[in-house]
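Each remark here refers to the structure printed beneath this line.
The values are calculated or read from the model by the stated rules, or taken from the named source; none is laboratory data. Note that the coordinates shown come from a computational prediction; the quantities given were computed from them, not determined experimentally. Glycine also receives a Cβ, built like all others from the backbone with ideal geometry; neighbour counts cover every protein chain displayed. For the accessible areas, the whole protein counts, side chains as well, though only heavy atoms, and no ligand, DNA or RNA atoms are used. Shrake-Rupley method; radii C 1.70, N 1.55, O 1.52, S 1.80 Å.
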Amino acid sequence: MKKIFIYSALLVSITLTLSCYKEKLIVPSSLEGADRFKFPQGTNDYDLAVKKVYDDFGIKIIYKGFDDKDFGLSWTSPAFGKQGFDIPENQQKDAVNFIANHIFGNLNAKITNKVLPPYFYVADSLSQSSVTGTFQTTTPINYYYTGLDFWAFTWDGVRGETKNLTTGVSTYTTARVRPITSFQYFYKRGVILKEIFKSAVDKGNIVPPENFNSGIDFTTPIVTAAASSSDVNYYKKRGFPGQMTNTLNFNIGIVSLVTNTGPTRNFIDYIHLCMRYKPDSIEVNYPKSQFPIIHQKYPIVIQYMKDKYGIDLDKIATKP
């Protein structure tokens, strides 16, 4: 009887072990990225900038040597159909310096710890292809934040295409292109940095200043129609500057419901406001005579982020 009990216990133990092993198979057991790329990828001056980012942040900027499977690694299930290309040699310096200077040049490891992945891919173009019925669609990807151990960004871009597989006829969207103008550089870096700052606040690396939300009502319903801007419950009049809710752009939209914000989210919204607009633009979009609370909070955030975290939001709001 004792032997039967021992054998039964052993069988249960083996079964549980195998079950756990099978379960682990569906979750990535490692980031698999440690030796995926040679690093640094060259000996140019911009590779020195890449090495400095790694030394300061522990993050590797990758700009060539891509295999399509590199873009498909995912925490959930493999992302099939992604295709990315190396940065052409004559554009490598600009692309790499954009990530090294415009992104990491405005950050520090104090706020990015456990916020950013080990790899930043900057690809000449990145797209996702899929087939539905008789149509094959290629969709450009400008920003990709859900890779297994990487974020990926398009430098130059690709045209979106929908191809009728029966007739062979294709229709195209407008091609995305690399930043050229001062505003395009400003806008592209803003799209990326706003996600980093949001994550840093959400993870507690950046903490709102004490009593920052004093005087702001997070309970009473708000109104959003521009025609109601004189209403005491108009969202801007209540001290809500608006929200950046789209990970793919750098635009401030309305706060549609008071339940969509709160003390932490409101502080994030002010960080985004400060990195989007200089003081003269604040007056244009939020006249002090109408929205005094926003004018009160705006300089507090700029000074607080500079003093406590070494982040110059006013510099980020300045077009290069």
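Filter segment 195-220 for residues that are of a type in the set (Ser, Thr, Tyr) and over 16 Å from the mean Cα position of the chain (by Cα); which is farthest from residue 108 (Cα to Cα)?
Checked segment 195-220; the qualifying residue farthest from residue 108 (Cα to Cα) is 220.
Conditions (1) under 24 Å from residue 88 (Cα atoms); (2) outside the structural domain of residue 53 (by the TED database); (3) at pLDDT 85 or above; (4) aromatic (Phe, Trp, Tyr), marked per residue:
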{"residue": "123", "(1), (2), (3), (4)": "yes, no, yes, no"}
{"residue": "129", "(1), (2), (3), (4)": "yes, no, no, no"}
{"residue": "133", "(1), (2), (3), (4)": "no, no, yes, no"}
{"residue": "143", "(1), (2), (3), (4)": "yes, no, yes, yes"}
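Quick one: is residue 215 on the phi > 0 side of the Ramachandran plot, touching a helix residue (DSSP H, G or I) at 6+ places or on another chain (Cβ under 8 Å) and open to solvent by 20 Å² or more (accessible area, probe 1.4 Å)?
Answer is yes for this residue.
Select from segment 88-108 the residues that are at pLDDT 95 or above and in a loop (DSSP other than H, G, I, E, B) and write down the one among them that is least open to solvent (accessible area, probe 1.4 Å).
Step by step, filter segment 88-108, then rank; the result is 107.
Restricting attention to segment 253-275, which residues are aliphatic (A, V, I, L, M) and surrounded by fewer than 20 Cβ atoms within 10 Å (Cβ to Cβ)?
254, 257, 258
Let me spell it out: the conditions are (1) closer than 20 Å to residue 272 by Cα; (2) of a type outside the set (A, V, I, L, M, F, W, C); (3) open to solvent by 40 Å² or more (accessible area, probe 1.4 Å); (4) under 14 Å from the mean Cα position of the chain (by Cα), and residue 144 meets all of them except one. Which number is the exception?
Residue 144 satisfies all of (1) closer than 20 Å to residue 272 by Cα; (2) of a type outside the set (A, V, I, L, M, F, W, C); (3) open to solvent by 40 Å² or more (accessible area, probe 1.4 Å); (4) under 14 Å from the mean Cα position of the chain (by Cα) except (3).
I'm trying to understand the selection: among the residues of segment 147-178, which are among the polar types (S, T, N, Q), in a strand (DSSP E or B), open to solvent by 40 Å² or more (accessible area, probe 1.4 Å) and in contact (Cβ under 8 Å) with a residue 12 or more places away in the chain? Let's see the steps before the verdict.
Going residue by residue through segment 147-178, those that are among the polar types (S, T, N, Q) are 154, 162, 164, 166-167, 170-171, 173-174.
Keeping just the survivors that are in a strand (DSSP E or B) gives 154, 162, 164, 170-171.
Next cut, open to solvent by 40 Å² or more (accessible area, probe 1.4 Å) only: 162, 171.
Scanning segment 147-178 gives a single hit, 162.
Looking only at segment 198-212, which residues are small (Gly, Ala, Ser) and surrounded by 13 or more Cβ atoms within 10 Å (Cβ to Cβ)?
Correct list: 199, 200.
Find the residue count for segment 46-83, including only residues that are at pLDDT 75 or above and either hydrophobic (A, V, I, L, M, F, W, C) or farther than 20 Å from residue 142 by Cα (or both).
The qualifying residues number 18.
Among the residues of segment 179-197, is any more than 30 Å from residue 156 (Cβ to Cβ) and open to solvent by 30 Å² or more (accessible area, probe 1.4 Å)?
No, that holds for no residue.
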